[in-house]
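Read-outs: derived from the displayed coordinates by stated rules, not from any lab. Keep in mind it's a predicted model, so treat the numbers as computed, not measured. Here Cβ is always computed from backbone atoms with ideal geometry, including for glycine, and neighbour counts include all displayed protein chains.
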Amino acid sequence: MLGEYRIVGRRAAEIAASVERGVGSGELAPGQPLPPMRELAVDLGVNPNTVAAAYRTLRERGVIETAGRKGSSVRRRPASTVRGSIRVDAPPGVRDLSEGNPDPALLPSLRDALAAAALRHESAPGLYGQAPVEAELARLARAGLDADGLPAGPVAVTSGSLDAIERVLAAHLRPGDAVAVEDPGWGSLLDLVPALGLRPVPMGLDDEGPLSAELARLLKDGVRAVVVTDRAQNPTGAAVSARRAAELRTVLAARPDVLLVEDDHGHAIVDLPLHPLAGVTDRWVFVRSTSKAYGPDLRVAVLTGDALTVDRVTGRQRLGPGWVSRLLQQAVVELWSSGAVDVPAVAASYGRRRDALVRALAERGVAAHGRSGMNVWVPVADETGAVARLLHAGWAVAPGARFRLSAPPGVRLTVSPLSDADIGPLADAVAAASGPMQARSYG
């Protein structure tokens, strides 16, 4: 099982150190299985409890991972750009639908908001020791959260949704803990979880969000945290419905010790109502980003949650960047206060293009998903072939491998660059590239 490498030691600390030496030297490769505890105990002539203690130490340090009856293995080393590098570069003349960016025409101008923030800075410059969250931003954020039915809780600010999720997971979990993630799901999150030494566990979903039976099974198997996208799920466009939210809340209520993270990155670009899950577990966080509606480069997200979790997040933040630029926070206040984004119009614009593409594909015998947001997910039998054929036809799309753990193959198309005239030709190209419709789930 271990090739030429031999684990040695009589005490738990010695055994753990021996495994770490093998990992550090490369003699124990990422993903390599370790001997069952009883087998190694016999080989070393020690009590099985000694080996169990060594393995427990190694799990806590993030050196190994355990997958139930499959036993323990050396933790795979995640590369932070693994999924981001799975992309198709669009050559000249090819329409790029792969990046997942919002339509620049729907983003508000930041000039006035940044100018107002700069003017305020001249009279009251931001200094060390000031509150990390602008009071007016917290007030406006809390009012919006209250209107959407979120439980009461303090407000914090992070540099985008992924920054918030990373800080929340790190605040409560230990290396080796299992995290339920949507599959297919956000590629950056699927990379982040193992990068933190945690174990991502795929959670199936449909157009109404994560499947309640699937979540119940994962909770029974011992996952310690669950990450749910409320609306505009990337890449499928799923949105948690009122019915599904009720089911999920019932399932979560049976495990109040589980950490719940909700991502509402689609706020202000969708017209579907929010059906939050927060409040049924002891530890929870709800994250709302400004990136999709106001501009990816703004890098501001607000979060609320239980007092302990938010306190841990802000406490650790103080030891790193300290705070998110109050200039940017003030700019967000200006944008929110002025109504810079016409939410119904923006949602309608994305919805018109998204729905038109889904209908056009259905007319051509191709199943597609896109209930909300700016993306359409198309299940395909041959992912690599579909991407290549679409590129040859003049369309660059995102390979589904960027977003999948165990879900079937597919491709993601972002509708932001599309005009009404593009829908028909694109649907023709996708139909030719993907083949006839099949009864194929994406979760």
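When the charge dipole of the chain is built from unit charges on Cβ atoms (+1 for Lys and Arg, -1 for Asp and Glu) and taken about the Cα centre, the candidate among Pro296, Val227, Ser338 whose Cα reaches farthest toward its positive end is Val227. Extending 7 Å from Cα along the Cβ direction at Ala29 and again at Ala67 yields two label points whose distance is 1.6 nm.
When Tyr350, Tyr5, Tyr55 are arranged by Cβ crowding within 10 Å, least crowded first, meaning fewest neighbours, the order is Tyr5, Tyr55, Tyr350. Taking a Cβ cut-off of under 12 Å around Arg120, the surrounding Lys, Arg, Asp and Glu residues balance to a net charge of -3, with basic ones at +1 and acidic ones at -1.
DSSP bridge analysis restricted to the chain gives an antiparallel fraction near 55%, rounded to the nearest 5.
Remark: spin-label model distance Thr250-Ile86 equals 3.5 nm, labels positioned 7 Å along the Cα→Cβ axis.
For Asp96, nonlocal amide neighbours, meaning residues 5 or more places apart or on other chains whose placed amide H falls under 5 Å from its own, are Ala396. Coupling constants for the range 169-177 follow from the phi torsions by the Karplus curve (6.51 cos²θ - 1.76 cosθ + 1.60, θ = phi - 60°), and in residue order they are 4, 5, 6, 10, 9, 10, x, x, 5 Hz; glycine and proline get x. The residue list His392, Ile15, Thr309 was ranked by how far each Cα lies along the charge dipole of the chain toward its positive end, using unit charges on Cβ atoms, and Ile15 comes out on top. Against the chain, whose longest principal axis comes from its Cα atoms, helix 343-363 is set at around 70 degrees. Simple point charges give the picture: +1 on the Cβ of Lys and Arg, -1 on the Cβ of Asp and Glu, and for the range 17-154 a dipole about the Cα centre of about 620 debye.
With contacts defined as alpha carbon pairs under 8 Å and 6 or more residues apart, what's the relative contact order of the chain in percent?
Here the relative contact order equals 19 percent.
Annotation: amide H of Leu150 has no partner in the under-5 Å range at sequence separation 5 or more or interchain, hydrogens built in the peptide plane. Karplus-based coupling profile of the range 183-194, in residue order and whole Hz: 9, x, x, 4, x, 5, 5, 5, 7, 5, 4, x, with θ = phi - 60° in 6.51 cos²θ - 1.76 cosθ + 1.60 and x standing for Gly or Pro.
Of the labelled figures (1) 23.8; (2) 27.4; (3) 30.3, only one reflects mean projected area of the Cα convex hull in nm² as derived from the coordinates, namely (1). I'd like the orientation of helix 420-434 relative to the chain: the angle between its Cα long axis and the longest Cα principal axis, in ° from 0 to 90, rounded to 10. That helix lies at roughly 30 degrees to the long axis. Dipole magnitude for the chain: about 1200 debye, using +1 per Lys or Arg Cβ and -1 per Asp or Glu Cβ, origin at the Cα centre. Per-residue ellipticity at 222 nm from helix content only, as computed over the chain with -39500 (n - 2.57) for each DSSP H run of at least four residues, stands at -12500 deg cm²/dmol.
Distance between the 7 Å Cα→Cβ label points at Glu136 and Arg10: 7.1 nm.
Dipole of the range 361-426 computed with +1 at Lys/Arg Cβ and -1 at Asp/Glu Cβ about the Cα centre; of Gly365, Val380, Ala421, farthest Cα towards the positive end is Val380.
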